[in-house]
Amino acid sequence: MELDRERLDQAVKCGVISAEQAEGLWQFLAESGHDTPSFRFVHILYYLGGLIAIGAMSLFMTLGWERFGGGGLLLICLVYAVAGIALTEWLLRRRLPIPAGITATFVVVLTPLAVYGLQQLLGWWAGPFTYRDYHVFIDGRWLMMELATLAAGAVALWRYRLPFLVMPVAVTLWYMSMDLTPFLAGDPDVGWELRKLVSLWFGLAVVLLALWVDIRSRRDWDFAFWLYLFGVMAFWCGLSLLRSDSELGKFFYLCVNLGMIVVGAVLSRRVFVVYGALGTAGYLGHLAYDVFKDSLLFPFALTLLGLGVVALGIVWQRHEAAISQWLRQPLPRPLRELIERRG
């Protein structure tokens with residue numbers, strides 16, 4: 001339940017707390033909320049400016065920068081990195097962790113460009129691609145840049161422990177899930193079936209990593225958000241693109257998506273619910289347009305099913321505390337604490 005000023009005023013009117021206590025509590029929540037990412041206007045400015053700067057050195061890099069050559073690119077990255085680290089330290093001393101996380105992330109995002117420049121300088125870069133293609137094409141030659149980015153992200157997280165630093169790590173893992181396939185197969189034109197399987201299993205591995213990080217940091221900031229986002233994306237896309245001519249296989253796909261909705265509700269992670277809902281809608285569309293396209297009863301049956309789910313929600317709401325306690329009892333203590341905290 002979200003606590004806002006209106007609820008505090010209602011608590012004062014009901015005599016639960018005094019007006020002085022409500023004011024003190026509201027001031028405490030407002031001050032402590034400055035370090036928690038939210039849709040505050042100042043936070044939007046932080047992230048908008050940070051993403052523009054990060055995009056300038058990654059997604060929006062122009063071909064004109066190739067004129068600097070490998071040595072020039074490497075030097076620019078080093079100068080930017082020193083400035084970014086100095087700015088991060090300055091912001092942390094002034095207790096501004098959100099913009100500090102953005103500037104530290106900017107330094108990590110420089111890593112693939114720096115490695116690309118170093119490879120060009122040493123004559124190790126071969127192929128038709130330039131750095132601009134790093135975010136566009138799938139190719140095994142990006143792996144050195146990706147491994148270096150993961151190493152830089154790990155060092156930055158060890159030094160600063162700021163949640164936004166997980167973003168470039170999660171994006172790089174997502175890239176690796178695609179680039180590893182042609183590298184392991186030894187064929188740049190490897191088929192899509194293998195790519196889908198690699199995406200599925202790699203995404204599942206990242207989701208499990210995110211759960212482990214979530215449990216480890218359950219009393220701290222949210223370090224698992226970006227891992228969940230890109231892990232679920234890779235897993236769901238790989239699963240949804242797998243082709244199956246079996247109705248049993250398609251029903252299993254529905255069950256997986258329904259399971260994702262449950263997991264998302266339990267962990268309070270919307271990304272599971274969004275992708276699970278998309279998959280469920282896709283399966284119902286398959287039933288409506290393929291399996292029961294000429295049926296008169298299917299819409300009525302689907303309506304009854306929907307009302308049944310609503311009824312289940314009513315029962316759950318009436319007995320939520322008892323059911324939740326019964327379901328959480330056999331879980332390991334760290335996972336139980338995570339669920340209780342998220343809930």
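The values are calculated or read from the model by the stated rules, or taken from the named source; none is laboratory data. This structure is a prediction, so every number in the text was calculated from the model and none was measured. With ideal geometry, Cβ positions are generated from the backbone for all residues, glycine too; neighbour counts draw on all protein chains shown.
Below, the figures for the structure above:
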| quantity | calculated |
| --- | --- |
| 2 or more residues farther than 23 Å from L209 by Cα, in contact (Cβ under 8 Å) with a residue 60 or more places away in the chain and touching a helix residue (DSSP H, G or I) at 6+ places or on another chain (Cβ under 9 Å): qualifying helices (runs of 4 or more DSSP H) within segment 96-192 | 97-109 |
| Number of positions in segment 317-332 that are surrounded by 10 or more Cβ atoms within 10 Å (Cβ to Cβ), among the aliphatic types (A, V, I, L, M) and outside any loop (DSSP other than H, G, I, E, B) | 2 |
| Residue list for segment 273-313, restricted to those being more than 20 Å from I261 (Cβ to Cβ) and surrounded by fewer than 14 Cβ atoms within 10 Å (Cβ to Cβ) | Y289, D290, V291, K293, D294, S295, L296, L297, P299, F300, A301 |
| Check on K250, assigned to a loop (DSSP other than H, G, I, E, B) and of a type in the set (K, R) | no |
| Sole residue being within 23 Å of S177 (Cα to Cα) and modelled with pLDDT of 90 or more, chosen from V273, V256 | V256 |
| Search result, residues across segment 260-288 that are small (G, A, S) and in a loop (DSSP other than H, G, I, E, B) | S268 |
| Neighbours by Cβ (under 7 Å, 6+ apart or cross-chain): first from segment 75-89, within 15 Å of I54 (Cβ to Cβ); second loosely packed, with under 13 Cβ neighbours inside 10 Å | none |
| Residues that are in contact with a Phe, Trp or Tyr (Cβ under 7 Å, 6 or more places away or on another chain) and free of Cβ contacts under 8 Å to residues at least 60 places away in the same chain, drawn from segment 55-74 | L73 |
| In segment 1-28, the residues that are at pLDDT below 70, surrounded by 14 or more Cβ atoms within 10 Å (Cβ to Cβ) and among the aliphatic types (A, V, I, L, M) | L8, A22, L25 |
| Flag if L122 is more than 23 Å from the chain's Cα centre (by Cα) and in the same structural domain as V207 (by TED's automatic domain parsing) | yes |
| Where a residue in segment 238-261 is free of Cβ contacts under 8 Å to residues at least 12 places away in the same chain and its partner, wherever it lies, is not in a helix (DSSP H, G or I), with Cβ under 9 Å and at least six apart | G249/L242; F252/S244; F252/S246 |
| Filtered residue count, segment 213-264, keeping only those that are under 23 Å from V166 (Cβ atoms), surrounded by 13 or more Cβ atoms within 10 Å (Cβ to Cβ) and not β-branched (V, I, T) | 23 |
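For every residue, the table says whether it meets (1) touching a Ser or Thr at 6+ places or on another chain (Cβ under 8 Å); (2) surrounded by fewer than 17 Cβ atoms within 10 Å (Cβ to Cβ); (3) under 23 Å from I85 (Cβ atoms); (4) modelled with pLDDT of 90 or more.
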site	(1), (2), (3), (4)
L122	no, yes, no, no
W125	no, no, no, no
H135	yes, yes, no, no
T172	yes, no, yes, yes
S199	yes, no, no, no
L208	no, yes, no, yes
